[in-house]
1. Out of A:487, A:493, which single residue is within 14 Å of chain B (Cβ to nearest Cβ), in contact with a Leu (Cβ under 9 Å, 6 or more places away or on another chain), crowded, with 18+ Cβ neighbours inside 10 Å and closer than 24 Å to residue A:381 by Cα?
2. Quick one: count up the residues across the stretch A:290-299 that are in a helix (DSSP H, G or I) and either away from chain B (no Cβ under 12 Å) or within 16 Å of ligand 1 (Cβ to nearest atom) (or both).
3. Being more than 10 Å from chain B (Cβ to nearest Cβ), at pLDDT 95 or above and more than 16 Å from ligand 2 (Cβ to nearest atom) is the requirement here; does residue A:370 meet it?
4. Which residue is farthest from the chain's Cα centre (by Cα), if the candidates are limited to the stretch B:37-90 and must be among the aromatic types (Phe, Trp, Tyr) and within 12 Å of chain A (Cβ to nearest Cβ)?
5. Out of the residues in the stretch A:242-274 meeting the condition of being in contact (Cβ under 8 Å) with a residue 40 or more places away in the chain and assigned to a helix (DSSP H, G or I), tell me which one is farthest from the other protein chains (Cβ to nearest Cβ).
6. Across the stretch A:303-338, which residue is surrounded by the most Cβ atoms within 10 Å (Cβ to Cβ) among those that are more than 16 Å from ligand 2 (Cβ to nearest atom) and at pLDDT below 95?
7. How many residues does the stretch A:246-278 contain that are away from ligand 1 (no atom under 16 Å from the Cβ), modelled with pLDDT of 95 or more and in contact with a helix residue (DSSP H, G or I) (Cβ under 6 Å, 6 or more places away or on another chain)?
8. Output the residues belonging to the stretch A:466-497 that are away from ligand 2 (no atom under 16 Å from the Cβ) and assigned to a loop (DSSP other than H, G, I, E, B).
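The values are calculated or read from the model by the stated rules, or taken from the named source; none is laboratory data. Note that this is a predicted model, so its numbers are computed, not measured. So basically every Cβ, Gly included, is an ideal-geometry build from the backbone, and we count neighbours across all protein chains shown.
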Amino acid sequence: MKILSINGPIIKADNDGSIRMREMVKVGDFGLIGEVIELQQEHAVIQVYEDTTGVKVNEKVEALKYPLSVTLGPGLLGGIFDGIGRPLKKFSENGFIERGLYPFPLDGDKQYDFISEMKKGDEVSEGMHLGHIIEMSLKHYIMVPPGVTGIIGDIFPGKRKVEDIFCTIELDHDDPLEIRGFHKWPVRKKRPVNERLSMNEPFFTGQRVLDFLFPIPRGGVAAVPGGFGAGKTVLQHSIAKWSNADIIIYVGCGERGNEIAQILEEFPTLKDPRSGRSLMERTIIIANTSNMPVTARESSIYTGITMAEYYRDMGYNVTILADSTSRWAEALRELSSRLEEIPAEEGYPAYLASRLAEYYERAGSFKTLSGKTGSITAIGAVSPQGADFSEPVTQHTKRFVRSFWALDKSLASAKHFPAVSWKISYSEYGEEVVDWWKLNANVDWNSMRTTLTEILQDADKLENIIKIVGFESLPDREKLTVLSSNLIKKGFLQQNSYDPVDSFCLPEKQVKIAQALIYFHSRSAEMMNDGDSFNKINKSEAIDKIQRLKFIPFPSAEFDSTLDEINTELEGKQ
Amino acid sequence: MKYRKYYTSIKKVWGPLMIVEGVEDVPYGVFTSIVLPDGTERKGQVLAVNGTEAVVQIFEGTGDIDTDHSGIHFSTEPFKVGVTESMKGRILDAYGKPRDGLKPIVAKTTRDINGRPINPYHRTYPHDFIQTGISVIDGLVTLIRGQKLPIFSGAGLPHYDLALEIAKNARLKDDNEKMIVIFVAMGIKHDDAIKFYRSFEADSKLDKVILFFNLADDPPMERLIIPRTALTTAEYFAFEKDYQVLVIMSDITNYCEALREISSAREEVPSRKGYPGYLYSDLASLYERAGRMRGRKGSISQIPILTMPNDDITHPIPDLTGYITEGQIVISRELNHRGIFPPVDILPSLSRLMKDGIGKEYTRADHPHLAAQIYAAYSYSQDVKMISTVIGEEELSPTDRKYLEFSRIFEEKFLNQKRGAYHSMEKTLEIAWEALKVLPRRELSKFTKEELDKYYD
Ligand SMILES: Nc1ncnc2c1ncn2[C@@H]1O[C@H](COP(=O)(O)OP(=O)(O)OP(=O)(O)O)[C@@H](O)[C@H]1O
Ligand SMILES: [Mg+2]
């Protein structure tokens, strides 16, 4: 096939009849990677994943006979890949992205110790675990590929490299299948599962405002919309660091290079608070920054979620963070406009909503083909133009997520972080997590959450009145509402990501602080009923102590004794 | 430039574009030179190739081009600029040619002005701050080497004065390091541009600056290449010659308008306000050229300047810029009216990289909390101010009245600074504490007890 025309990342080539929709191609003398995205009798439209500068009409296009795929196997953890899964660590030393390079994404030289879990003659079917190796310190299962049923011909435990044969499977009507340490999977096709499960375990982000007010279960989906500088990236980084996921896939999709550099610098030095291991060991980065080709930005979230599905199939709880889905949507828009498709709202293609749905639907809690439980929790940042949430990407995303963590620019500029608005955020996952709190923390989480939200809402209403008459003119009861609400904001909702202690908060600690706040409020109301003035309550030493609880390490004797002091203080005022 | 093919088959000319037919082997994206009937030349670039037709964008205007007598040369590569250390002190145009009437630049090395994206794996995260001597910047929106920190301003506001103060005062921790300022004028007035030159000249510091000029009456399409030429020069100085480079680009709004013109001539589907859907990616291809790289000593920091149409921060240009850059310095018309310089509105301003470049190891241990506290207090004091205009200052609680006083001291002493006065970091932090001390101790919730014990009492 030959190139007919070139328009930025979109080229046309003549169709000789041999090429298929969604097939990968090599374009021109530079051998750039492309994908067929439209097929007509006479020509094929190809989106090229690399810069096309210098490509000429009549240069040849070579069909590769497979769809856009990502290489899956041991060695992904701790790695960094571009939007089509190329290993950025293996690019040339001069530090800039070169074209036409496709190094093998995994470490082909590394020896693993393959522990087989099956033997010759065993009957196997798709998804079953043949055995495992240790990747970082995680069991990485070598699995029977989807669609395959047969009998194990040979299995080779012991020292293996990823490209070696680990096992052969005798098939009914075909040559034996060789199973290596890696395989390729088309990124746009979801990996099969046994069934979708209902969700009942909270995904703990370590951020109080999320875990307590707007929770999400393992397998849930959440969106983080917010204007520039509202804190989307910091929040996602915090979740990547401190959440209780087994594996984190961070997709830097059309955002800043320095943010990727920051992860690379920081994560290896931090420890997973639960396993005690370096955070980088559970993290995979897909980095397709804003200045890298937009076509590869479009594919980056699929590359990420395919890797997520791969580890889910082994029975892990994977969290995929995409920053930012708006940049992905803009890539769609740019490509759609080059194809001269008829736009829907604001130039976005009409299929924006269905693509978003397809992506978020790949998250969930599942029974895998091997019968294990695994989950994919998906959290996507949204960057609305002008911080206006009525724009198409935010609106469509809202249809497919059940937790909406709206970041408010005015909170951010007042340095109230995370700037999650308690007014417009929501979570529809209350049902899924409530039992966990009952069983594990022995609290009526729902009523605590309601109490906190009510105080905040009451204070919000008073805010308008204060603007007219001033705080001093409020009755004492209402002054207390404002005071308690401020305490909740400062002592509970706000969480500084850079604080050595408060950057994350265990659920047990969240409960204790919430209890102290609620007790303060009800006890003060009681005291005022008994005749105490607001001014007296406002002088209580307890206030400062409650505010500082979050900074005290937990569990610790200091935390307990501070709690005791707060209680004594409040009770003593009788 | 090497040219290979020459054609006279111009089919169509419109806006800044033309179509040449019957072409063969023309690579996408290469540089072209159009020859007019009178022999003058206009530079251009291939925007698309469709069979035997090439769409060419002309940088220097399409006026006087005709279909019968004009011709076009196609080169074999994209536009390249010659780079050399002898560019220092010079005023150059979009193509790296002198505009100062002095001798031509002779360079052995040439570079594609589009550059290549930095491999994110090869970046190093920025940490070292650049001291500007301006309290509000050093204290609250600290500039870090390798950062892109734009100034969001409005027509008639003193953004050039601020940029110039920063450019001239900028100091590195280590005096032995080499530093250079690259100033890129895109469609700005001659007087504003030359002010930069004069000011460096007056201090005999011309060897610390390179200027690229596309002025208000120069061809608008050249605004699309001049920042790339300048950034390519910056990359040479930073990554090959170990300089700490500060690139000041003004005015991004003019750049975006040139981009919009091309886009509408090509009849592309616009997104907001007629700007093309790829405005974000296009701006990113400039801004993301800031940074530091593994194993290299130099850095590129950027201060893009943009005047917000109608002072509207939600306009696509500031909005998309804010989504790419690492913070922003927002100039306030109100503060400027009140004679405060630099009139920086700190609430919408932000330096995202400062947290990793300040504090114990870099400036002083209490700096991060101090900055957070000032922001929180100033933000609250603005609410109080609003309320007090309704209910009167007397009706405010005693604490709220303290906040008003804080805000007064902060604006008059901390923000406001004599031009040319260089504040040390110590002094900056000291004034900040002076303002905060007006507030009751309990209000200062961002500090640790130890910090309060040390600085508050
Ligand atoms: N939880 C937090 N604790 C402390 N500071 C925070 C927190 N969240 C955000 N910030 C501050 O806000 C700044 C901007 O946050 P961030 O980079 O996450 O914004 P963003 O929403 O991702 O913006 P953009 O859309 O432009 O990428 C940070 O650099 C930091 O100074
Ligand atoms: Mg971000």
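1. Numbers: A:487 fails: closer than 24 Å to residue A:381 by Cα.
Unique residue meeting the criteria: A:493.
2. Residues meeting the conditions: 2.
3. Numbers: more than 10 Å from chain B (Cβ to nearest Cβ): yes; at pLDDT 95 or above: no; more than 16 Å from ligand 2 (Cβ to nearest atom): yes.
It is false that residue A:370 is more than 10 Å from chain B (Cβ to nearest Cβ), at pLDDT 95 or above and more than 16 Å from ligand 2 (Cβ to nearest atom).
4. Result: B:74.
5. We begin by selecting, within the stretch A:242-274, every residue in contact (Cβ under 8 Å) with a residue 40 or more places away in the chain; these are A:242-255, A:259-260, A:264, A:273.
With assigned to a helix (DSSP H, G or I) added as a condition, the list becomes A:242, A:259-260, A:264.
Working: A:242: 17, A:259: 9, A:260: 4, A:264: 7 Å.
Top of the filtered list is A:242.
6. Step by step, filter the stretch A:303-338, then rank; the result is A:331.
7. Of the residues in that region, 3 qualify.
8. Quick first cut of the stretch A:466-497, residues away from ligand 2 (no atom under 16 Å from the Cβ) only: A:466-496.
Those that are away from ligand 2 (no atom under 16 Å from the Cβ) and assigned to a loop (DSSP other than H, G, I, E, B): A:470, A:474, A:475, A:494, A:495, A:496.
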